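Novice: Provided herewith is a single structure, encoded as structure tokens, for subsequent inquiry.
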Amino acid sequence: MTTETTKKFNIDTVEHAAKTPDTELPWAELGLKQNEFDEIVKVLGRRPTGAELAMYSVMWSEHCSYKSSKNHLRQFGEKVTEEMKKDMLVGIGENAGVTNLGDGWAVTFKIESHNSPSFVEPYQGAATGIGGIVRDIISMGARPVAVMDPLRFGAIDHPDTARVMHGAVAGIGGYGNCLGLPNIGGEMVFDSVYQGNPLVNALAVGVMRHEDIRLANASGKGNKVVLFGARTGGDGIGGASVLASESFDDTKPSKRPAVQVGDPFAEKVLIECCLELFKGSLVEGIQDLGAAGISCATSELASNGDGGMEVELTSVLLRDPTLTPGEILMSESQERMMAVVTPENIAAFEAVMDKWAVEYSWLGEVTDTGRLIITWEGEVIVDVDPRTVAHDGPVYDRPFARPEWQDSVQANSFTGSVEDAGRPSAPSELAAAVTELVASPNMCSKDWITKQYDRYVGGNTAMAFPDDAGVVRVDEETGLGVALATDANGRYTYLEPYQGAQLALAEAYRNVATSGAVPMAVSDCLNFGSPEDPDVMWQLAEAIRGLSDACMELGIPVTGGNVSLYNQTGTTPIHPSPVVAVLGKLDDVARRTPSGWREDGQAIYLLGTTAAELDGSEWSNLRGHLGGLPPKVDLAAERALGEILINASRDGMVDAAHDLSEGGLAAALVESSLRYGVGARIALEELMERDGVDLFTALFSESQARAIVSVPRSEEVRFKDMCTARGFAHLRIGVVDAAGGKLEINGVDELSLDALRESHEATLPKYFG
Amino acid sequence: MTSIPLIGEAVAVAAEPRLAGAKIGVVTFPGTLDDRDAARAVRLAGGTAVSLWHADTELGDVDAVIIPGGFSYGDYLRAGAISRFAPLMSKIIDAANSEAKLPVLGICNGFQILTESHLLPGSMIKNDHLKFICRDQTLRVENANTAWTVDYTDGQEIIVPLKNQDGQYIADEKTLDALEAEGRVVFRYVGFNPNGSRRDIAGISNAAGNVVGLMPHPEHAVETGFGPESLDGAPRDTDGLGFFTSVLTKIVGGDK
């Protein structure tokens, strides 16, 4: 197949560029800085052609090149022990990292941002966010098996929040549901800091056999380069370099046309088609087309390969025949893939395309010249060393410094503040406080969102939201499966970025362990403001340092992720929001632990100790306070707690487990009760005495490394012995009460489950219909 | 190459030799999502699942056919409107209407394809609340005499997942009256009508009872640990298995 019509443009060839060194080029409009343009001229030994300029501008953008964060991100690769590497089959740098699951199975997962597009056009922005991350997973040779979506919106009562929320949720559902991928969890946070810059992150996970792992490289001289999937159109042109790297303010024209439009049906067909290609071993290398489109795919494939590549750009199938070479190179049209195929596999490749009615065009071939050459009707318009485009972009050592305001923020503790006046203490006040907490925007039921997502498709979902982690079966014979959780706390990270990032990891780690899975790998999506602001750059540097240190201490490597910068409105950045995803392994998903208790009379234990840690808490948030220091991080305790939860699940010592995080013990008790509508009787006097805290603190503190579990009577001795042997604090705080229909806590007025449920579930419908 | 099938691929292993002889075709269109789930359900019920491709021109020797859920052709036109013209569909229509009365089950998008094919009356429009909805849905079996419901009892309540965007069943009053009078309303929503369907109808059959279509997904309620749970946490995760054992019972002729 070739395009029927090729239109003649004023083609700026390499030859022409060499002869006209003084031609003015719009490098500034394409987002390049003077020093970057000078560097391109130096690399090429002449001025770039228009097409080359387009390629460099998108590939050297912050979004594609990580130029501001690269120097810091190195730590994820450096702070790794041999032990941490042993299950890592593919590390950072590929489309997604791959982890060994055993029995010949491998798993790949990655989290990515689609923040700016989701603010401009929430439906398409969120939809194509799912589409993009899913293609990253397919590119590794895996079958995608689930998605998750951490979301952060502006204030729940702001008029614009409904626009973004409705669009983003419908987009994630509309795209993900149509792909046949269960949505197994995510996050939902409302905070006015995200008003003009919501965070729409998306995670996808896929599985494969070891021998099916595919990498993005073009090797083998004479092998053919093919582009397949949707046709190339004008969508998203300049999106990568312009949209993702500029903050929103009112002075610039609308960027609406720069947002890509998704076609989930095309993507679903592409998934099945790629899996059939993998099954027949019909591709040598494969790369999805995301940000920077063909520029990225050709330069990365060629750069990762052992030779060069030559492609004819007029062979690209177009949706819009008026596109110029530069636009074709920059287009971010969705649902496209590029592959390298040996000549003997061409016929078999074409048969698969025809079966699935997927369009394709052969663009060129792999060479041994070490150059990426792109021609237009035979005339050379790009002649570059692909490494200079894809990998050797600019790297900045941006200045950073601890903000002047950090000390005063940390000195402003919630305890004793104006906002802390009238802290609840009477039984009726505490009952009202618990109800207020679980009905609050961040702690209320997410049902309104999750019921718009298909969690069943595939038939392998063993657990999904609202349990602590999503669990998917991988092997139907053995029950082998994976658990996933994502977490972040922008408020903690604002108070202390090093610790905040570690707290995000600790919570995700705890969530995975709570489900019974052994944590194995990390993917992170670092959402921050402008790196040109030294305050923000310090937050980023500290968060990366904190996260990499904590990964080392917990013994789980970062296998991939994404950095999203310039998340700010005018000069006001969002709270630093490192979203951390942890993946764990379950030998048999039948052993997973759900978060709700069910059986009458089971003992409820609180694991871990409680300190007066209310700074940055949800309770302080409800009172409009943000200051002080976040809860202490104790990674050794997190690890010990994790081991207890994993062993308890494996040996059938617990029937339910729920981690304590935002909202503390109060939120956990209500959530475990509402999960199956089974209440409990709780007494915290012993805890208060042991830890030296009052009842309010026991309920609302957000001390880390804690979880509640329900233990069958027959297992109680064994469970206690295990905790004692490991020296981990454990305390029997109550008993499951199946008959009462209420949550009774000594010193707190009785809470009926019906009333709690009504408060918990009414919030989102009230604001969003 | 891998010797173990890719995850989710239909694996045909059957427990009971008698039932294993029964072959149930599962049709895949471009955009079909729940084909692997339907094949798994057949296998768990004891039968043998056979993959059928929409472009095939022969049905082969299958004893029954399931048209699974999904978004065939993206539902970009009316749901099911394009799939209805697939070469295999004309074979299925002929076989369903033939003397042999091939049992056909349409689930969700499959139900939409069956109404578009005129094997079943009425049509589905967008949910009354205009959003996609996924929930564990209680259904009442109104007719336990169809090819796909003989293993249930009249009036039995079951819980199976429901997930759709265009699930509101509509038909004119005369058609609805006729369906009720002839006992062709096979399933009704209980407690909550999730999409505004007329008379709470969740599923119907043709006059002979060999063709059944419904919006909810029995194939997602066939395996312990992977299906719905009742509100109090009691497992209800295999309530959907009866669809698949019913048709196997029917095929092998009564007793198992």
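The values are calculated or read from the model by the stated rules, or taken from the named source; none is laboratory data. Please read these numbers as outputs of a predicted model, since none were measured by experiment. Quick reminder, even Gly has a Cβ in these numbers, built from the backbone with ideal geometry, and neighbours come from all protein chains shown. The protein model used for the area step is the full one, side chains on, heavy atoms only, and it has no ligands, DNA or RNA in it. Shrake-Rupley method; radii C 1.70, N 1.55, O 1.52, S 1.80 Å.
Novice: Tell me the relative contact order for chain A as a rounded percent, counting alpha carbon contacts under 8 Å between residues six or more apart. Kindly include the intermediate steps, with their values, before the conclusion.
Specialist: Details: 1941 pairs, mean separation 116.7, N = 769.
Relative CO of chain A lands at 15 percent.
Novice: Turning to a different aspect of this structure: State in Å² the accessible area per residue of region A:614-660; use a 1.4 Å probe, count heavy atoms of protein chains only, and round to the nearest integer.
Specialist: Values: 1420 Å² over 47 residues.
I get 30 Å² per residue for region A:614-660.
Novice: Related question: Hey, what's the per residue convex hull volume over the C-alpha atoms of chain A, in cubic angstrom?
Specialist: Numbers: hull volume 112.9 nm³, N = 769.
Dividing the Cα hull volume of chain A by its residues yields 147 Å³.
Novice: Turning to a different aspect of this structure: Between B:Glu173 and B:Thr57, how many nm apart are label points set 7 Å from Cα along the C-beta direction?
Specialist: 4.8
Novice: Nearest 5 percent is fine: what portion of the DSSP beta bridges confined to region A:88-221 is antiparallel? Write out the running numbers ahead of the final one.
Specialist: Details: 23 of 30 bridges.
Taking every DSSP beta bridge within region A:88-221, about 75 percent pair in antiparallel fashion.
Novice: Given the C-alpha centroids of region A:562-618 and region A:369-441, what is the distance between them in whole angstrom?
Specialist: If we compute the Cα centre of each part, the gap is 17 Å.
Novice: Could you please put B:Arg198, B:Arg84, A:Arg74 in sequence from largest to smallest accessible area, using a 1.4 Å probe?
Specialist: Details: B:Arg198 85, B:Arg84 60, A:Arg74 115 Å².
Order by accessible area, largest first: A:Arg74, B:Arg198, B:Arg84.
Novice: Still on this structure, I have one more. Can you pull the percent of chain A's accessible area that's carbon plus sulfur, 1.4 Å probe, other chains left in place?
Specialist: On the way: 12240 of 24710 Å².
Of all accessible area on chain A, carbon and sulfur atoms account for 50 percent.
Novice: Based solely on its DSSP helices, what 222 nm [θ] is calculated for chain B when runs of n ≥ 4 H residues each add -39,500 (n - 2.57) and the sum is averaged over all residues, nearest 500 deg cm²/dmol?
Specialist: Details: 6 runs with 55 residues, N = 256.
One gets -6000 deg cm²/dmol as the mean residue ellipticity at 222 nm.
Novice: Turning to a different aspect of this structure: Assign one of three labels to region A:280-398, namely rounded, prolate or oblate, based on the Cα gyration tensor with a ≥ b ≥ c the square roots of its eigenvalues; rounded applies when a/c is under 1.5, prolate when it is not and a/b is larger than b/c, and oblate otherwise. Could you put the intermediate results ahead of the total?
Specialist: Working: a/c = 1.59, a/b = 1.35, b/c = 1.18.
Prolate.
Novice: Per residue, what volume in Å³ does the Cα convex hull of region A:585-674 take up?
Specialist: Values: hull volume 11.3 nm³, N = 90.
Per residue, the Cα convex hull of region A:585-674 comes to 125 Å³.
Novice: Can you give me the C-alpha center-to-center distance between region B:33-52 and region B:130-161, rounded to a whole angstrom?
Specialist: 19
Novice: Projecting each Cα onto the charge dipole of the protein assembly as shown (Lys/Arg +1, Asp/Glu -1 at the beta carbon, about the Cα centre), which of A:Phe228, A:Ala485, A:Ala581 comes out farthest on the positive side?
Specialist: A:Phe228
Novice: How high is the relative contact order of chain B? Use alpha-carbon pairs under 8 Å, at least six apart in sequence, and give a whole percent.
Specialist: Values: 606 pairs, mean separation 48.2, N = 256.
That works out to 19 percent.
Novice: Among DSSP bridges having both ends in region A:308-420, what percentage is antiparallel? Round to the nearest 5.
Specialist: On the way: 9 of 13 bridges.
Within region A:308-420, antiparallel bridges account for around 70 percent of the total.
Novice: Additional query: At a Cα cut-off below 16 Å, give the lysines reachable from A:Lys70, other chains included and same-chain residues fewer than 8 away excluded.
Specialist: A:Lys79
Novice: Going by the alpha-carbon gyration tensor, a ≥ b ≥ c the square roots of its eigenvalues, is chain B rounded (a/c under 1.5) or, if a/c is not under 1.5, prolate (a/b greater than b/c) versus oblate? Don't jump to the answer; show the numbers that get you there.
Specialist: Details: a/c = 1.27, a/b = 1.16, b/c = 1.09.
Taking the square roots of the gyration eigenvalues as a ≥ b ≥ c, chain B is rounded.
Novice: Percent antiparallel among DSSP beta bridges with both residues in the protein assembly as shown, to the nearest 5? List each step's numbers first, then the result.
Specialist: Values: 114 of 153 bridges.
If we restrict to bridges inside the protein assembly as shown, about 75 percent are antiparallel.
Novice: Starting from the Cα-Cα distance between A:Lys766 and A:Thr724, subtract it from 0.36 nm times their residue separation and give me the gain in nm to one decimal.
Specialist: Details: separation 42, 0.36 × 42 = 15.12 nm, distance 4.66 nm.
Between A:Lys766 and A:Thr724, full extension yields an extra 10.5 nm.
Novice: Can you give the mean number of other chain Cβ atoms that lie within 10 Å of the Cβ atoms in peptide A:263-276?
Specialist: On the way: counts 2, 5, 9, 3, 1, 8, 4, 0, 0, 4, 1, 0, 4, 1.
Taking all residues of A:263-276 together, the mean is 3.
Novice: List the residues of region A:672-716 that lose 40 Å² or more of accessible area once all protein chains are present, compared with their chain alone (1.4 Å probe, heavy atoms only, no ligands or nucleic acids).
Specialist: At a threshold of 40 Å² (probe 1.4 Å), the residues of region A:672-716 that become less exposed are A:Tyr676.
Novice: Would you tell me the mean number of C-beta atoms belonging to other protein chains that fall within 10 Å of each C-beta in A:475-481, as a whole number? Mind dumping the intermediate values first?
Specialist: On the way: counts 2, 8, 3, 0, 1, 0, 0.
Counting other chains' Cβ atoms within 10 Å and averaging over A:475-481 gives 2.
Novice: Shifting gears a bit: Ballpark to the nearest 100 Å², how much total accessible area do B and A bury together, probe 1.4 Å? Kindly include the intermediate steps, with their values, before the conclusion.
Specialist: Numbers: alone 11250 and 26510 Å², together 34020 Å².
The B and A chains share an interface burying roughly 3700 Å².
Novice: Taking the Cα centroid of region A:171-233 and of region A:631-647, what is the distance between the two, rounded to the nearest whole Å?
Specialist: Using only Cα atoms, the two centres lie 32 Å from each other.
Novice: On to the next question. Please find the FRET efficiency linking A:Thr81 to A:Lys42, where r is the Cβ-Cβ separation and R0 is fixed at 41 Å, and quote it to the nearest 0.05.
Specialist: Values: r = 40 Å, r/R0 = 0.97.
E(calc), rounded to 0.05, equals 0.55.
Novice: In region A:75-107, what trypsin sites (Lys or Arg not before Pro) fall in a loop by DSSP, with at most 14 other Cβ atoms inside 10 Å? The partial results should precede the final answer.
Specialist: Details: sites: A:Lys79, A:Lys85, A:Lys86; in loops: A:Lys79, A:Lys86.
Taking region A:75-107 and a limit of 14 other Cβ atoms within 10 Å, the loop trypsin sites (Lys or Arg not before Pro) found are A:Lys86.
Novice: For a test of the definition: using alpha carbon positions, the gyration tensor, and the 1.5 limit on a/c, classify region B:45-149 as rounded, prolate or oblate. Before the final figure, lay out each step's value.
Specialist: Values: a/c = 1.74, a/b = 1.24, b/c = 1.40.
Oblate.
Novice: Run the numbers for A:Glu750 and A:Asp160: contour at 0.36 nm per residue of separation, minus the present Cα-Cα distance, in nm. Show your work: numbers first, answer last.
Specialist: Values: separation 590, 0.36 × 590 = 212.40 nm, distance 3.78 nm.
Full extension from A:Glu750 to A:Asp160 adds 208.6 nm.
Novice: At 1.4 Å probe radius, can you tell me the per residue accessible area of region B:128-197 in Å²? Walk me through the intermediate numbers first.
Specialist: Working: 2700 Å² over 70 residues.
Dividing the accessible area of region B:128-197 by its residue count gives 39 Å².
Novice: Here is a further query. Using a probe of 1.4 angstrom, how much of the accessible area of chain B is carbon and sulfur, in percent? Provide the component values of the computation, followed by the final result.
Specialist: Details: 4840 of 9300 Å².
So the carbon and sulfur contribution to the accessible surface is 52 percent.
Novice: Related question: What accessible area per residue, rounded to a whole number of Å², is obtained for region A:169-228 using a probe radius of 1.4 Å? Walk me through the intermediate numbers first.
Specialist: Working: 1130 Å² over 60 residues.
That works out to 19 Å² for each residue.
Novice: Summarise the partner chain shielding of A:446-457 as one whole number: the mean count of Cβ atoms from other chains within 10 Å of each residue's Cβ. Could you put the intermediate results ahead of the total?
Specialist: Values: counts 0, 1, 1, 0, 2, 7, 6, 4, 11, 5, 16, 11.
Partner Cβ neighbours, averaged per residue: 5.
Novice: Separate question: Work through the residues other than B:Cys134 whose Cβ is under 11 Å from its Cβ and net out their charges, Lys, Arg +1 and Asp, Glu -1. Could the numbers behind the result be given before it?
Specialist: Details: positive: A:Lys451, A:Arg455, B:Lys131, B:Arg135, B:Lys163; negative: A:Asp447, A:Asp454, B:Asp136.
For residues surrounding B:Cys134, the net value is +2.
Novice: Report the charge-dipole magnitude of region A:671-730 in Debye, nearest 20, computed about the Cα centre from +1 at each Lys and Arg Cβ and -1 at each Asp and Glu Cβ.
Specialist: Here region A:671-730 has a charge dipole of around 300 debye.
Novice: Another question, then. Heads up, I need the accessible area for A:Met188: 1.4 angstrom probe, whole protein in place, Å², nearest 10.
Specialist: 10
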